[in-house]
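The values are calculated or read from the model by the stated rules, or taken from the named source; none is laboratory data. Model, not experiment: these values are computed from the prediction. Here the Cβ positions follow ideal geometry from the backbone for every residue, glycine too, while neighbour counts run over all protein chains shown.
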Amino acid sequence: MSATVSGPSSHEGEPAPAELLDAGDIVGLMRACHDRRLEREGIPMVLGLADERGPIPTATAAAQLAEGAAFLDVFDRYSAALVPWARDDDEGAVITAMQVLAFTHFAPGATPLSDAGTEGTVA
Amino acid sequence: MTRPSFQTQRDQLARGHFIRVVNYHSTPRGARDELARELAGFARDYAPVTLEDLDRLFETGTWHKDRPGLIPVFYEGYRNSISVAAPLCDELGLTGWFPIATSFVDCDPEHQEAFARAHWISLVEEDTKGGRIAMSWDEVAEVSKRHVVFPHTAHHEGFDTVLSDEDIRREVVDSKAQLEAVTGQEAPAFVWLHGSSYGQNPRHDQAVKDAGYRYQFANTMIHRVN
């Protein structure tokens, strides 16, 4: 029921996330983040915060709000590119879009959000 | 309760309610240098997140450090969590969060490989050379002095296979009590196999809440429960 992890020891020769983003290859980004070597590399994720006891105050830090807005922009772009067929409550589809967001914009060597701008626009 | 959806995620991002997490599993000695480089990159760009930092973020909605926060999570309770991951976190000033399948730690080392293969715990080649694969309880206690340790159920189970009252007590309640007895401190969070969110099943949600967990980690969000 559990596999012994094995696989390539490096990503040598594979395009970097920034190159895939420059080429607008969002499907390539999804493949790359799913090809992470789990015994060597982490899985970057951006997780929302939900307080089941009551509302969380809205952030007051401008940088935090700006980053959230930038994440929201790319989340919508990647969702449209990858999972336009998904219901609003399709958790697996939400996870897929958020994984690509995190892999593309905060894994080591990723493209900073401020540079993402209009690059990688979905064809 | 908050169910995962595209709209939920949009609302959370728009309000600034998010945190970065990086999930790891086995961290073998043979890949230590690669892991060190990756964690060093994170430590350079992001701030550590302690339990108190996460509490404050939920209370105020605002992140209070000069760099964004990042939570490195090392799942399952592998022995290499204390021999590789925790020392690297210490060296780099990161706070590691360690969800532990408590029965994996409890299992006789002779049978830990079979336990892993029976319960969706991935192994690397180093784990199959014989000897202990999981941390010992003393090692769990040691990690808890500088990092955050909490149950990942007892047997690495998902809510959909934890069905009877006895199952729930063993996987949700007893795992917490056992961990707290060893560490001498609160086990503040819980996470199901597959990262299922709070809100999937009222019975399981109530069990997590009644057990006294502060947080449930899931694949799209962190739920504050108590």
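In the range B:204-219, what count of residues is obtained for those that are farther than 18 Å from residue B:180 by Cβ, surrounded by fewer than 24 Cβ atoms within 10 Å (Cβ to Cβ) and within 10 Å of chain A (Cβ to nearest Cβ)?
Looking only at that region, the number is 2.
Restricting attention to the range A:75-102, which residues are aliphatic (A, V, I, L, M) and either modelled with pLDDT under 95 or assigned to a helix (DSSP H, G or I) (or both)?
Residues satisfying the conditions are A:80, A:81, A:82, A:93, A:94, A:95, A:97, A:98, A:100, A:101, A:102.
Residue pairs, Cβ under 7 Å, 6 or more apart or interchain, first in the range B:128-144 and farther than 16 Å from residue B:74 by Cα, second acidic (Asp, Glu) and modelled with pLDDT of 95 or more. List them.
B:128/B:113
Can you name the residue in the range A:55-74 that is facing chain B (nearest Cβ under 8 Å) and either among the charged types (D, E, K, R) or not in a helix (DSSP H, G or I) (or both) and is also surrounded by the fewest Cβ atoms within 10 Å (Cβ to Cβ) among such residues?
The qualifying residue surrounded by the fewest Cβ atoms within 10 Å (Cβ to Cβ) is A:60.
Take the range B:131-179 and flag every residue that is assigned to a helix (DSSP H, G or I), of a type in the set (Lys, Arg) and over 14 Å from residue B:99 (Cα atoms).
B:169, B:170
From the list B:142, B:113, B:76, B:126, pick out the single residue that is acidic (Asp, Glu) and surrounded by 23 or more Cβ atoms within 10 Å (Cβ to Cβ).
Going through B:142, B:113, B:76, B:126 in turn, the sole match is B:76.
On the basis of being facing another protein chain (nearest Cβ under 9 Å) and over 26 Å from residue A:19 (Cα atoms), does residue A:95 make the cut?
Answer is no for this residue.
Looking only at the range B:14-35, count how many residues are surrounded by fewer than 20 Cβ atoms within 10 Å (Cβ to Cβ) and either more than 7 Å from chain A (Cβ to nearest Cβ) or of a type in the set (A, V, I, L, M) (or both).
Residues that pass the stated criteria total 5.
Of the residues B:172, B:162, which is over 16 Å from the mean Cα position of the chain (by Cα), crowded, with 23+ Cβ neighbours inside 10 Å and free of Cβ contacts under 8 Å to residues at least 60 places away in the same chain?
Answer to the check: B:162.
Would you check which residues across the range B:40-59 are over 16 Å from residue B:215 (Cα atoms) and of a type outside the set (A, V, I, L, M, F, W, C) and list them?
Answer for the range B:40-59, where residues must be over 16 Å from residue B:215 (Cα atoms) and of a type outside the set (A, V, I, L, M, F, W, C): B:41, B:44, B:45, B:46, B:48.
Those residues that are within 13 Å of chain A (Cβ to nearest Cβ), over 24 Å from residue B:145 (Cα atoms) and not in a loop (DSSP other than H, G, I, E, B), I need them from the range B:186-203; list them, please.
B:193, B:194, B:195, B:202
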